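To start, the structure itself, in structure tokens.
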Amino acid sequence: MTQETEDFQNYGIGTLPALLPIGSKAEPESSSALDCIPSLRGKEERQGFVRKVYSLVFMMLLVPTALVVICVYVDPVREFVIKYRWIYYVTSGLTIGMLLSLICFYHILKSVPANYIFLFSFTVFESYSVASLTCHYEPKSILYAAILTAVMGLSLSLFACFTSADLSGIGHALCWVSLGVSLAAMILMLIVRSHWILLVCSWVFLILAGLYLIVDTQLIIGGRHKELTVDDYIICLLYTSPSPRDRTRSRMPSSACKKKKKKK
């Protein structure tokens, strides 16, 4: 210890900090807004995956939003959609068929540009289906529904990011419950036509959709018992419920989901 260091300590200043060589600069630590999420702190690769997924989500939401505005406020387009109702049934069938096809052909979503073509086609079909339904409602009702949906989606996404509860492993159970509830609701509404039954079914499906959003968000964010791989940015946008035929491991769909390795 040098005499200068002893003098500093005698005056209560403490030890001298390590000095950098002349001409060198200290490199600032890289920080990101996503570092505030515990599961993403310090994980640059995962943060890039999250940015990519939610960027695609934003672009997917722009298409139905534009079509809804056009169908609601442009009278010729609105009349066309209402008159040719069969297009709605075709696009709805194609949307469901594309989702079901992922059970067997999910590997297509990992090849470029087939995955982007699939995503674009799905977005167009689903957007037309949504826009067709909005033609039968008042613009004010559509605006209220959009605001409530945005608030609910943001709140549940933040809850999924910061909660200590791990819901990433309930995908299989949630899938079977959704299938059972859907079948029961269809049979019940065919037998008994009541406004209250429709209202109860709507609330049940709303709760299930909220649970799906929490599970999907935790799979995307990662750091849980199960998580999506960084190559599944298209899969998680289209089909995030596990396949019913796979009872041993989540696949999101198929083998897109993986268990975290235990730390030795």
**OP:** Can you tell me which of 86-98, 209-221 comes out highest on packing, and rank the rest after it, using the mean Cβ neighbours within 10 Å?
**Re:** 209-221, 86-98
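Could you do me a favour and compute the accessible area per residue for region 23-158, 1.4 Å probe, result in Å²? Can you show the working numbers first?
On the way: 8990 Å² over 136 residues.
Computed with neighbouring chains in place, this is 66 Å² per residue.
The values are calculated or read from the model by the stated rules, or taken from the named source; none is laboratory data. Quick caveat, the model's predicted, so the values are computed rather than measured. Please note: Cβ atoms are built from the backbone with ideal geometry, for glycine as well, and neighbour counts cover all protein chains shown. Side chains included, ligands, DNA and RNA excluded: accessible areas come from the protein's heavy atoms. Shrake-Rupley method; radii C 1.70, N 1.55, O 1.52, S 1.80 Å.
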